[in-house]
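Q: Got a structure here, written out as structure tokens. Questions coming.
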Amino acid sequence: MIIAIDGPAAAGKGTLARRLAVHFDLAYLDTGLIYRAVGKKVLDAGADPEDAEASEAVARALQATDLETQGLRTDETAQAASKVSAVPGVRAALLEFQRDFAAYPPDGKKGAVLDGRDIGTVVCPDADAKLFVSASTEVRAERRLKELQERGLEAIYARVLEDMKERDARDSSRAASPLEPAKDAHQLDTSTLDADQVFAKALEVISSREA
Ligand code: DC
């Protein structure tokens, strides 16, 4: 069983994906983390994330341990991730790892939940269930602000909102696998829902597809 969850930043994808993975006993892959690891490595090397050659070289050499690096969750890394993810060579280099994870989930699991921007459209077009999770930009910026503050990071709403808009625009307008719902994705607006309500709705969608 493969569940594909796509959507913009801070829409609630990760929380939902983790809960679904536990519920159905599936492996979970946060694909954003892979792009973040590439973005961070490019920054750490003093290179420009928009430099296609440098970013692609980092993506090709990425190791599993790079996903455990500190600082992958900062907004600086998120912007770098968004930039490297627009480079077609970076996406191509990371595609096989993601598809392998779905085809051969670790720990003997019988399937996987993947979340990202292009799971339903490109990585797992044949997924059993596809959800496109979104929320208004303002709600997502509020959530992101709270998350950063809870982690003790300094953040102000206006800046978080601006960063979010910039990243949304870049992720949606790029030529290579832009953020867009798959034609057969179920759209879930989480603006007025809490995590329990989102989970309940997702379960409804998935079980109606299984029937
Ligand atoms: O989900 P996230 O915010 O951690 O993702 C960081 C960036 O990585 C996001 O702005 C775009 C990119 N990304 C992508 O292009 N494709 C994916 N499947 C996942 C993330």
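Q: Using the Cα centre of the stretch 84-211 as origin and beta-carbon charges of +1 (Lys, Arg) and -1 (Asp, Glu), tell me which of Leu148, Ser172, Gly120 is placed farthest towards the positive end of the dipole.
A: The residue sitting most towards the positive pole is Ser172.
Q: Around Gly116, which amide H atoms from residues at least 5 apart in sequence, or from another chain, sit under 5 Å from its own amide H, with H modelled in the peptide plane?
A: Here Ile5, Asp6, Gly7 satisfy the definition.
Q: Dimensions of the stretch 65-135 along principal axes (Cα, Å, largest first)?
A: So the extents along the principal axes, rounded to whole Å, are 35, 29, 27.
Q: Shifting gears a bit: Express in nm, to one decimal, how much length is gained between Tyr104 and Glu68 on full extension, taking 0.36 nm for each residue of separation and deducting their alpha carbon distance. Walk me through the numbers before you get to the answer.
A: On the way: separation 36, 0.36 × 36 = 12.96 nm, distance 2.12 nm.
Going from the current span to full extension adds 10.8 nm.
Q: Turning to a different aspect of this structure: Expressed as a rounded percentage, what relative contact order does the stretch 56-163 have, with Cα pairs under 8 Å and six or more residues apart?
A: Across the stretch 56-163, relative contact order equals 18 percent.
Q: Let me ask you something else. So how far apart, in nm, are the two label points at Arg151 and Ser208 if each is 7 Å from Cα heading toward Cβ?
A: Spacing of the two 7 Å Cα→Cβ label points: 3.4 nm.
Q: In addition: How far apart, in nm, are two points set 7 Å out from the Cα along the Cα-to-Cβ line at Glu180 and at Thr137?
A: 2.0
Q: Within the set of other residues whose C-beta is less than 12 Å from the C-beta of Ser177, count the net charge using Lys and Arg as +1 and Asp and Glu as -1.
A: Combined, the nearby Lys, Arg, Asp and Glu give -1.
Q: With charges only on Cβ, +1 for K and R and -1 for D and E, what is the dipole size of the chain about its Cα centre, in debye, rounded to 20?
A: 200
Q: Continuing with this model, one more query. Against the empirical 2.2 N^0.38 Å scaling, what ratio does the C-alpha Rg of the stretch 104-151 come to?
A: Scaled against compact globular proteins, the figure is 1.57.
Q: Given q = 0.17, 0.23 Å⁻¹, what are the Debye log10 I(q)/I(0) values for the stretch 167-211, with equal point scatterers placed on the Cα positions and solvent ignored?
A: Computed log10 I(q)/I(0) values: -0.67, -0.89.
Q: Right, here's the next one. Considering Cα pairs under 8 angstrom that are at least six residues apart, work out the relative contact order of the stretch 19-66 and quote it in whole percent. Write down the numbers at each step before the final one.
A: Values: 21 pairs, mean separation 12.3, N = 48.
Result for the stretch 19-66 is 26 percent.
Q: Okay, next question. Taking H as built 1.01 Å from N, whose amide H comes closer than 5 Å to the amide H of Ile2, not counting residues under 5 places away?
A: Result for Ile2 returns Ala112, Asp128, Ala129.
Q: Using θ = phi - 60° and the Karplus form 6.51 cos²θ - 1.76 cosθ + 1.60, what ³J(HN,Hα) does each residue of the stretch 191-202 get, whole Hz, x for Gly and Pro?
A: Going residue by residue, I get 3, 10, 10, 8, 4, 5, 5, 5, 4, 4, 5, 5 Hz, with x marking Gly and Pro.
Q: Testing the spin-label approximation: label points 7 Å from Cα along Cα→Cβ at Glu76 and Glu166. State their distance in nm.
A: Result: 1.3 nm between the two label points.
Q: Give, as a single signed number, the net charge of other residues whose beta carbon lies under 13 Å from the beta carbon of Thr31, with Lys and Arg counted +1 and Asp and Glu -1.
A: Details: positive: Lys13, Arg36, Arg91, Arg99, Arg117; negative: Asp6, Asp30, Glu96, Asp100, Asp115, Asp118, Asp171.
Once positives and negatives cancel, what remains is -2.
Q: Which value, in debye to the nearest 20, describes the size of the charge dipole of the stretch 1-74 about its Cα centre when Lys and Arg Cβ atoms bear +1, Asp and Glu Cβ atoms bear -1, and nothing else is charged?
A: 420
Q: Another question about this same structure. What percent do you get for the relative contact order of the chain when only Cα pairs under 8 Å and 6+ apart count?
A: Worked out over the chain, it gives 32 percent.
Q: Residue by residue through the stretch 75-90, which ³J(HN,Hα) values in whole Hz follow from phi under the Karplus form 6.51 cos²θ - 1.76 cosθ + 1.60 (θ = phi - 60°), with glycine and proline marked x?
A: My calculation for the stretch 75-90 gives 5, 4, 5, 4, 5, 5, 4, 4, 5, 5, 6, 7, 7, x, x, 5 Hz in order.
Q: Please compute the Cα-Cα pair-distance distribution of the stretch 4-87 with 5 Å bins starting at 0, giving whole percents from short to long.
A: Reading upward from the zero bin: 3, 15, 24, 21, 17, 11, 6, 2, 0.
Q: Now for a separate question. For the stretch 114-130, just list the computed ³J(HN,Hα) in residue order, Karplus coefficients 6.51, -1.76 and 1.60, θ = phi - 60°, integers in Hz, with x standing in for Gly and Pro.
A: 10, 10, x, 10, 10, 5, x, 8, 10, 6, 10, x, 9, 4, 5, 9, 10
Q: Also, quick follow-up: Please provide three numbers in whole Å: the alpha-carbon extents of the chain along the principal axes, with the largest listed first.
A: For the chain, the Cα spread along each principal axis is 52, 38, 30 Å.
Q: Out of residues 5 or more away from Tyr28 or on other chains, whose amide H comes under 5 Å of its own, with H placed 1.01 Å from N in the peptide plane?
A: Val113
Q: Taking N as the number of residues in the stretch 50-98, what value does Rg over Cα atoms divided by 2.2 N^0.38 Å take?
A: Here the Cα radius of gyration is 1.10 times the empirical estimate.
Computed from the coordinates by the stated procedures, all read-outs in this text should not be read as laboratory data. Please read these numbers as outputs of a predicted model, since none were measured by experiment. All Cβ positions, even for glycine, are placed from backbone atoms using ideal geometry, and neighbour counts span all protein chains on display.
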